[in-house]
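Participant: Here's a structure for you.
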Amino acid sequence: MYYNQETVVFVDGKFVKATESTTDLYGQTLHYGYGVFEGIRSYKTDKGTRVFKAKEHYDRLRKSCELVNIPFNYTTEELEELTYELLEKNNLTDAYIRPLVYCDPNMSLTKPNNVSLMICAWEWGAYLGDQQLRLHLSSYCRPHPRSIKIEAKVCGHYVNSVLATSEAKEKGYDEALLLDSDGYLAEGPGANLFFEKDGVLFTPQTGNILPGITRETVLELAKELGVEVKVGLFTLEDLLQADKAFYCGTAAEVIPIESLDEHVFPLKWNDSLGKKLQERYGQLVREQKLQKAA
């Protein structure tokens, strides 16, 4: 699904075949989840292949390394250049890009002396599909912000996401919704939450969630559309009283939420703010001309 015999990846300064690349079984990332990554998308546009918000993603990759004391010396500009070269070598346009910074062999619980960089890419549709999601309120909560660096995209943090998603799917749902450690609305396992009520858009504040780049893009688009947005601490009851809700993320893009457990949101997706934002987002990433708001 992710690679074949011809797929090329970038590893430590070289472009190599994915089937011929290796990793050390004593790596600190493999044993402890001590590494960082990004999820990035490229799109086919009239001006050629474009990586959406490459600078923001690679700035965050570098910031994630800094936050968890992982040494990393690539510049954002170097990373962008490598990414375009990788896409060209694999003849990819609409693609999902995964840079990963992983650590050298180290069985101690100390910061690494050296790290490796891998960048790979593959064709991947919207991560959560294109149908409205049926969510399950997870029995897991997001980690407390004093226990980890919430704003860093760290490999090991995603065990929490795997557990929540697996639980939801085992119960027959499409995806999970997690609260924070104080019981307020947080986010999905790999996407940020928005909901609307009476023409106003709401989203949980940063601090207990990953400050997503797609989330920030949706906020920018909402401003352009003249949509009132409230960012803050919201309860489960606030969500259950909403007209409609959606998730957003680089992998998921913008996708509607049909229900939470047995509660169905009453507003039709085509009549929602989320639908307008979904359309604007699609135009933006493909560099299509944005139509004036009605």
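The values are calculated or read from the model by the stated rules, or taken from the named source; none is laboratory data. Here the structure is a predicted model, which means the values were calculated and not measured. Note that each Cβ is placed from the backbone with ideal geometry, even for glycine, and that neighbours are counted across all protein chains shown. Each accessible area value is taken on the protein alone, full model and side chains, heavy atoms only, with ligands, DNA and RNA left out. Shrake-Rupley method; radii C 1.70, N 1.55, O 1.52, S 1.80 Å.
Participant: May I ask you to list the residues in the stretch 221-254 that are open to solvent by less than 30 Å² (accessible area, probe 1.4 Å), of a type in the set (A, V, I, L, M) and under 16 Å from residue 284 (Cα atoms)?
Facilitator: 221, 222, 251, 252, 254, listed by residue number.
Participant: Here's a follow-up. Residues in the stretch 10-18: is at least one among the acidic types (Asp, Glu), open to solvent by 90 Å² or more (accessible area, probe 1.4 Å) and more than 13 Å from residue 86 (Cβ to Cβ)?
Facilitator: No - not one qualifying residue is present in the stretch 10-18.
Participant: OK, next. Kindly establish whether residue 106 is open to solvent by 80 Å² or more (accessible area, probe 1.4 Å) and farther than 21 Å from residue 250 by Cβ.
Facilitator: Spelling it out, it is not the case that residue 106 is open to solvent by 80 Å² or more (accessible area, probe 1.4 Å) and farther than 21 Å from residue 250 by Cβ.
Participant: Ok, one more. Among the residues in the stretch 89-106, are any farther than 30 Å from residue 16 by Cβ, in contact (Cβ under 8 Å) with a residue 24 or more places away in the chain and basic (Lys, Arg)?
Facilitator: The answer is no, given that none of the residues of the stretch 89-106 is farther than 30 Å from residue 16 by Cβ, in contact (Cβ under 8 Å) with a residue 24 or more places away in the chain and basic (Lys, Arg).
Participant: Let me ask another. Which of (1) surrounded by fewer than 21 Cβ atoms within 10 Å (Cβ to Cβ); (2) part of a helix (DSSP H, G or I) is the odd one out, the single condition residue 207 does not satisfy?
Facilitator: Of everything listed in (1) surrounded by fewer than 21 Cβ atoms within 10 Å (Cβ to Cβ); (2) part of a helix (DSSP H, G or I), residue 207 misses just condition (2).
Participant: Of all residues in the stretch 68-103, which are more than 14 Å from residue 37 (Cα to Cα), in contact with a strand residue (DSSP E or B) (Cβ under 7 Å, 6 or more places away or on another chain) and either of a type in the set (A, V, I, L, M) or loosely packed, with under 13 Cβ neighbours inside 10 Å (or both)?
Facilitator: 82, 86, 87, 92, 95
Participant: On the given criteria, is residue 152 surrounded by fewer than 22 Cβ atoms within 10 Å (Cβ to Cβ), small (Gly, Ala, Ser), touching a residue at least 40 places away in the same chain (Cβ under 8 Å) and within 23 Å of residue 60 (Cβ to Cβ)?
Facilitator: yes
Participant: Also, I was wondering about something else. Among (1) closer than 23 Å to residue 99 by Cα; (2) assigned to a strand (DSSP E or B); (3) not aromatic (Phe, Trp, Tyr), where does residue 157 come up short?
Facilitator: (2)
Every residue, every condition in (1) of a type in the set (Ser, Thr, Tyr); (2) out of contact with any helix residue (DSSP H, G or I) (no Cβ under 6 Å at 6 or more places or on another chain); (3) assigned by the TED database to the domain that holds residue 194; (4) at pLDDT 95 or above, yes or no:
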| position | (1), (2), (3), (4) |
| --- | --- |
| 86 | no, yes, no, yes |
| 102 | yes, no, no, yes |
| 105 | no, yes, no, yes |
| 113 | no, yes, no, no |
| 117 | no, yes, no, yes |
| 137 | no, yes, yes, yes |
| 154 | no, yes, yes, yes |
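Participant: Hey, another quick one. What pairs come out if I take residues in the stretch 208-220 that are closer than 13 Å to residue 151 by Cα and pair them with residues that are of a type outside the set (A, V, I, L, M) and assigned to a helix (DSSP H, G or I) whose C-beta lies under 9 Å away, six or more apart or interchain?
Facilitator: Close Cβ pairs satisfying both conditions: 209/215; 210/157; 211/60; 213/56; 213/57; 213/60.
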